[in-house]
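Asker: Have a look at this one before I ask anything.
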Amino acid sequence: MEKVVNLCKRRGFIFPSAEIYGGFRSTYDYGPLGVLMLRNVKDAWWRSMVQLRDDVVGLDASILSTPRIWEASGHLASFTDPLVDCRKCKERWRADQISGVCPNCGSTDLTDARAFNMMFKTFVGPVEDESSVAYLRPETAQGMFVNFLNVVQTTRRRPPFGIAQVGKSFRNEITPGNFVFRTREFEQMELEYFVPPGDGPRWFEYWCNERMQWYSDLGMPADMLRLRHHDPDELSHYSSGTADVEFTYPWGWGELEGIAQRTDYDLRQHSDHSGVRLEYFDQASGERYLPHVVEPAAGATRTMMAFLLAAYDEDVVAGEARTVLRLHRRLAPYKVAVLPLSKKEPLVDLAKGVLHRLQAHWFCEYDETQSIGRRYRRQDEIGTPLAVTVDFESLDDQAVTVRDRDTTEQVRVPIDKLVDEVRDRLAL
Ligand code: GAP
C-alpha cells in the first residue's frame with residue numbers, strides 16, 4: 001500500500017489535497033496521470049454498461065436537489081452511522097468499529113452511541129434557515145429514480161432496461177481512510193436496472209456475473225476478487241438482497257462494489273412522496289406496475305485504487321530491478337511513449353512527427369531526457385504499454401522500435417505502419 005501511495009504522489013496520479021496548507025481531511029486531487037486513469041476507469045465502465053448495450057441509457061443528474069428526495073429515499077432518517085465519543089481523549093469513532101475501547105488512548109469511558117447522519121448539509125440562496133437547507137447527494141442513484149418517467153417517455157424503453165450515471169457523491173464519513181478507499185468526496189458509477197416485478201432475483205444473478213466479468217476483462221486477477229452475499233442483518237434499508245464484489249486490499253477483503261435488489265422501494269417511496277405515480281404502463285398487456293430495481297453500484301475512485309494495487313509489480317529485467325504497473329491497456333494513462341535517442345535535430349523533428357501521428361489516436365507521452373534504459377523504467381512505472389524509440393537509423397530507414405512493457409520485447413516497425421501496429425497491439 002505504501003509503495004502504491006508513494007508512486008501515486010511521486011508520479012502524479014494522486015496528491016493529498018491542499019498539501020501546501022497541511023492537507024485537508026482525507027481529500028485528494030487527481031494529478032496529470034490520475035485524471036487520465038480515472039477517466040479510463042469511468043470510460044471502461046460506461047462502454048461496457050451503456051455503449052455496448054441496447055437496454056441501458058445514460059443520465060447526468062444534479063448534485064444539489066430538493067431535500068424531499070432524501071426524505072423519500074430514507075436517507076434523512078436512516079443514512080446514519082452510530083457514533084461514540086471517547087470522554088478521555090475526545091476522539092470520535094464509529095461504535096461498530098471499535099468494540100467498546102478507544103483505539104487512540106485505550107479508554108473504555110465512551111459516550112452512548114448516537115445516530116450521525118452522513119449527508120453534507122448546505123444552504124441554497126442567501127438565507128441560512130431551515131427552508132433553504134439542501135444536501136449534497138450521498139449516492140447518484142436517486143437521480144435515476146426521480147427521472148424514471150422522463151426517461152421512459154423520451155426513450156420509449158420498456159423493462160427490462162437501465163439508467164446509468166457516473167458522478168460525484170459526498171458522505172461525511174466519520175472514519176475516512178486507507179488512501180482513497182473511503183473519502184468524503186468520491187465518484188460513483190451506478191446502474192439502476194428496472195425489471196418487471198418477479199424478475200428481480202434473475203437479473204440480480206445476471207448482474208453479479210456481468211460485474212465480476214468486467215473486472216476480470218480489465219485484468220483483475222481472479223484470486224484478488226470474490227463475490228460475497230450479505231447476511232440479512234447487513235442489508236441496507238432498501239435492499240432485499242445484496243452481494244458485494246470484494247477485493248483483497250492490503251488490509252484484507254473489503255467492498256469494491258455493491259449489487260443490490262432494491263425491489264420497488266425507491267419508485268414506491270417517490271410515488272408516495274411526490275404524488276406522481278412512477279409506474280410503467282405496458283400498452284400490449286394493458287398492465288400498470290412499479291418496476292423492481294437491480295442496482296450494480298461501484299466507486300470509480302475506489303476501483304481505480306484497486307486496479308493500481310493489483311497492477312503494482314517489481315521484477316528484474318536484464319539484471320536490473322524495475323517497478324512496473326501491469327495495468328490493462330484500456331486503463332493505462334498513456335498508451336504510448338515516444339522516446340528519441342537524441343535531443344537534437346534532425347531526430348527530434350522526426351520523433352515529434354511520430355508523436356503527432358500517434359496523438360491523433362491515443363494519449364501519448366514524449367520523453368527525451370536521460371538514458372533510454374531510465375526512460376523505459378519511467379514508462380514501466382506508470383504502466384505505459386508501448387514505447388516507441390526513434391534512433392539514428394530511423395532517419396535512414398524511416399522505421400522505429402516498438403517495445404512492449406510486459407515482455408520488454410522489441411520489434412522494428414516502419415513509421416508508415418506504426419499506427420496500425422500500435423492499434424493491433426493495444427486491441428482496444
Ligand atoms: N446506491 C447504492 C450505493 O451508493 P454503496 O455500497 O453505499 O451503495 C457503492 O456505494 C460504492 O460506492 C461502494 O461499493 C464503493 O465502491 C463506493 N463508495 C461508497 N462510499 C465511498 C466512500 N466514502 N469513498 C469512496 N468510495 C465509496
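Throughout, read-outs are computed from the coordinates displayed, never taken from laboratory work. Just so we're clear, the structure is a prediction, and the values are computed from it rather than from any experiment. When we count neighbours, we look across all protein chains shown, and the Cβ atoms used for this are built from the backbone with ideal geometry, even at glycine.
Asker: Compactness ratio of segment 155-208: Cα Rg over 2.2 N^0.38 Å, N = residue count? Working shown, then result.
Answerer: Values: Rg = 15.7 Å, N = 54, 2.2 N^0.38 = 10.0 Å.
The value comes to 1.57.
Asker: What residue among Lys335, Lys88, Lys42 has the largest mean-square fluctuation in a Gaussian network model of the chain, using Cα springs under 10 Å?
Answerer: Lys88
Asker: Short version: what are the Cα gyration tensor semi-axes of the chain, square root of 5 times each eigenvalue, largest first, in whole Å? Walk me through the numbers on the way to the answer.
Answerer: Details: eigenvalues 390, 166, 77 Å².
For the chain, the semi-axes come out at 44, 29, 20 Å.
Asker: Return the single residue from Phe363, Phe120, Phe24 with maximal mean-square fluctuation; model: Gaussian network over the chain, springs between Cα atoms under 10 Å.
Answerer: Highest fluctuation among the options: Phe24.
Asker: Still on this structure, please answer the following. So what is the 222 nm mean residue ellipticity for the chain from helices alone, if each DSSP H run of at least 4 adds -39500 (n - 2.57) and you divide by all residues, rounding to the nearest 500 deg cm²/dmol?
Answerer: -8500 deg cm²/dmol
Asker: Taking 1 over the mean of 1/r across every pair of different Cα atoms in segment 141-296, what Kirkwood radius in Å do you get? Don't skip to the answer; put the middle values down first.
Answerer: On the way: mean 1/r = 0.0588 Å⁻¹.
This gives a value of 17.0 Å.
Asker: What share of Cα pairs, in percent, lie more than 25 angstrom apart in segment 35-141?
Answerer: Numbers: 2982 of 5671 pairs.
Here the tail beyond 25 Å accounts for 53 percent of pairs.
Asker: Given a cut-off of under 8 Å on Cα pairs at least six residues apart, what relative contact order in percent is computed for segment 362-428?
Answerer: Reported as a whole number, the value is 21 percent.
Asker: Turning to a different aspect of this structure: For segment 107-156 and segment 210-227, what is the separation of their Cα centres, given in Å?
Answerer: If we compute the Cα centre of each part, the gap is 32 Å.
Asker: In terms of Cα to Cα distance under 15 Å, which aspartates and glutamates are near enough to Lys88, apart from those fewer than 8 places away along the same chain?
Answerer: Leaving aside aspartates and glutamates fewer than 8 places away in the same chain, those within reach of Lys88 are Asp109, Asp112.
Asker: Which FRET efficiency value, to the nearest 0.05, do you get for Gln283 and Asp223 by plugging their Cβ-Cβ distance into 1/(1 + (r/R0)^6) with R0 = 41 Å? The partial results should precede the final answer.
Answerer: Numbers: r = 49 Å, r/R0 = 1.20.
FRET efficiency, Gln283 to Asp223: 0.25.
Asker: What's the angle, to the nearest 10 degrees (0 to 90), between helix 200-217's Cα axis and the longest principal axis of the chain?
Answerer: On a 0 to 90 degree scale, this one is about 20.
Asker: Let me ask something else about it. Taking Lys335 as the anchor, which lysines have their alpha carbon closer than 29 Å to its alpha carbon, excluding any fewer than eight residues away along the same chain?
Answerer: Qualifying lysines at Cα under 29 Å: Lys3, Lys9, Lys42, Lys168, Lys343, Lys344, Lys352, Lys417.
Asker: Of Trp251, Trp214, Trp203, which is the most mobile in a GNM of the chain whose springs link Cα atoms less than 10 angstrom apart?
Answerer: Result: Trp251 has the largest fluctuation of those listed.
Asker: Same structure, new question: Listing Phe247, Phe123 from the residue with the fewest other Cβ atoms within 10 Å to the one with the most, what is the order? Spell out each step's value before the answer.
Answerer: Numbers: Phe247 23, Phe123 13.
If I rank by nearby Cβ atoms, fewest first, I get Phe123, Phe247.
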